[in-house]
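Remarks on the structure that follows.
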Amino acid sequence: MTISFRLPRRIATSRPAHTVSLIEILSMAMEALWRNKLRTGLTMLGVIIGIASVIAITSVGQGVQKATEQQIQSLGTDVLQVFAGAARSGGISQGMGSSSTLTWEDAKAIQQEAPAAQVVSAYLQRPGQVVYEKLNNSTNIVGTDLNYPEARNTSLTQGRFFTQEEMDSGKSVVILGQTVRDELFGTGKNPVGEQIRIQRNIYEVIGVFEKKGSEGPMDRDDQVFIPLTNMSSRIVGNNALKGFAINGIYVKLANQEQSATAQFQVVNLLRLRHNLNSSQSDDFSIRNQTDVVNTFTTVVGLFTMMVVAIASISLLVGGIGIANIMLVSVVERTREIGIRKAVGATNSAILNQFLAESVVISTAGGGIGMGIGIGIAFSAAMIFHFPFVVSVWSVVCGFGLSFIVGLLAGVIPARNAAQLDPIAALRSD
């Protein structure tokens, strides 16, 4: 067979009768499929479901991954978190930060003696009640120092942060997270200057932090912040033999590439300060945000690939369906094949005709599936509020897979059609 890209009417009078152009092959394939619209549509269904599943799952997975990475990065991927040790009650661990193994002095020592640490902030937190007039809200009370906004990569949308004088005197001032602000004062209201009660103590609201979203199961906006000195003296009480006991320390690095170096410096400094010998375990723990991002990206990537592999089974089922229908079509059109061979059609022309029909079914189904998959991914992104992401490679792979499925599914039926004996085909009913 010779393939020509010229229009059929131009070549009709100048080429042998047995040659068929690519345009004519596709035109005849479309005509044959259109005559059996219902069967063609049902045949496409497997490919449509398979491609739609692959596109939707890949897009949703990438969107969730990007949203989570953005949340983690908003917390600062250049931040180490140092937690106090875990207290045990009845042999059960109470979780990181529940033991008084870290002090504010440890945080100050890291700031002064760890070269890789740029900004260090200590914090002490407890659950508690905040009250405004008749409204009561259960939240997380955090005592922190002046370095908190820079260490946590956050800023205020209303009001201001603590001053050095307020920190030194332990003044009763408070900064609200947006969830607490909305619960007590209403969405978008400016509470600066108002007074609220925390654990029966009166505090003046001086600011509201910007919205930060969730960090794992914790809503970072469902918190209130007071000076660490006030937290230690009025909320928690003296909870260490020496200095201010704290739950943890944020260590912002001068350079993200120095995370391993900074972690080494912090570990060794704290072990020296806590008089731990080589046989003793650390009485604190460190979490590296970069490791969290890398681990999450790997897990989501593996999960997405696993689900895509499962969804690809639909493509296999779709390919089997196409092959089955094409085999039936060969049997139904045996007489047509015999007539075409009798008037000069070659085996290659018959082969290409049935291959074209198979590929058209599969690629058309793939195109519809891609549209449905993108629509599902967009709807999910709007409903669950994560970025809408459709990568070029997933679309290219989806189209390529549908083409390959059609090609492979059509090979055997097309070969059977091409090898039919024209005399026997003409005699068939």
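If we keep just the residues of segment 389-429 that are closer than 30 Å to A67 by Cα and aromatic (F, W, Y), which is surrounded by the most Cβ atoms within 10 Å (Cβ to Cβ)?
The residue in question is F399.
If I filter segment 372-379 for residues that are open to solvent by 40 Å² or more (accessible area, probe 1.4 Å), more than 49 Å from the chain's Cα centre (by Cα) and among the small types (G, A, S), do I get at least one hit?
Scanning segment 372-379 turns up no residue that is open to solvent by 40 Å² or more (accessible area, probe 1.4 Å), more than 49 Å from the chain's Cα centre (by Cα) and among the small types (G, A, S).
When you scan segment 261-310, how many residues do you find that are surrounded by fewer than 13 Cβ atoms within 10 Å (Cβ to Cβ), polar (S, T, N, Q) and within 30 Å of A107 (Cα to Cα)?
9
What number of residues within segment 203-231 satisfy the criterion of being more than 10 Å from V174 (Cβ to Cβ) and over 39 Å from the mean Cα position of the chain (by Cα)?
Result for segment 203-231: 1.
Among the numbered conditions (1) farther than 17 Å from N137 by Cβ; (2) among the basic types (K, R); (3) free of Cβ contacts under 8 Å to residues at least 24 places away in the same chain, tell me where K189 comes up short.
Looking at each condition in turn, K189 falls short on (1).
In segment 375-427, how many are in a loop (DSSP other than H, G, I, E, B) and closer than 27 Å to V359 by Cα?
5
Taking segment 107-146, which residues are without any contact (Cβ under 8 Å) to a residue 60 or more places away in the chain and closer than 18 Å to N255 by Cβ?
Q111
If I ask for residues that are of a type in the set (S, T, Y) and touching a Phe, Trp or Tyr at 6+ places or on another chain (Cβ under 8 Å), which ones from segment 111-150 would you list?
If the condition is that a residue be of a type in the set (S, T, Y) and touching a Phe, Trp or Tyr at 6+ places or on another chain (Cβ under 8 Å), then S121, Y123, Y132, T144, Y148 are the ones that fit.
Out of L80, L102, L146, L156, I need the residue that is over 30 Å from A381 (Cα atoms), at pLDDT 85 or above, open to solvent by 40 Å² or more (accessible area, probe 1.4 Å) and among the hydrophobic types (A, V, I, L, M, F, W, C). Which one?
On the way: L80 fails: open to solvent by 40 Å² or more (accessible area, probe 1.4 Å); L102 fails: open to solvent by 40 Å² or more (accessible area, probe 1.4 Å); L156 fails: over 30 Å from A381 (Cα atoms).
Only one candidate qualifies: L146.
Output the number of residues of segment 299-349 satisfying the condition of being among the basic types (K, R) and within 14 Å of P413 (Cα to Cα).
Of the residues in segment 299-349, the ones among the basic types (K, R) are 333, 335, 340-341.
This time we only want the ones that are within 14 Å of P413 (Cα to Cα), so: 333.
Counting residues in segment 299-349 that are among the basic types (K, R) and within 14 Å of P413 (Cα to Cα) gives 1.
Can you tell me how many residues within segment 148-186 are among the aromatic types (F, W, Y) and farther than 18 Å from A107 by Cβ?
Restricting attention to segment 148-186, the residues satisfying the condition of being among the aromatic types (F, W, Y) are 148, 161-162, 185.
With the extra rule that they be farther than 18 Å from A107 by Cβ, the set shrinks to 185.
The qualifying residues number 1.
The values are calculated or read from the model by the stated rules, or taken from the named source; none is laboratory data. What you see is a predicted model, and the numbers here were worked out from it, not measured in a lab. Cβ coordinates were reconstructed from backbone atoms using ideal geometry, including for glycine residues, and neighbour counts include every protein chain displayed. All accessible areas refer to the heavy atoms of the entire protein, side chains included, with ligands and DNA or RNA removed. Shrake-Rupley method; radii C 1.70, N 1.55, O 1.52, S 1.80 Å.
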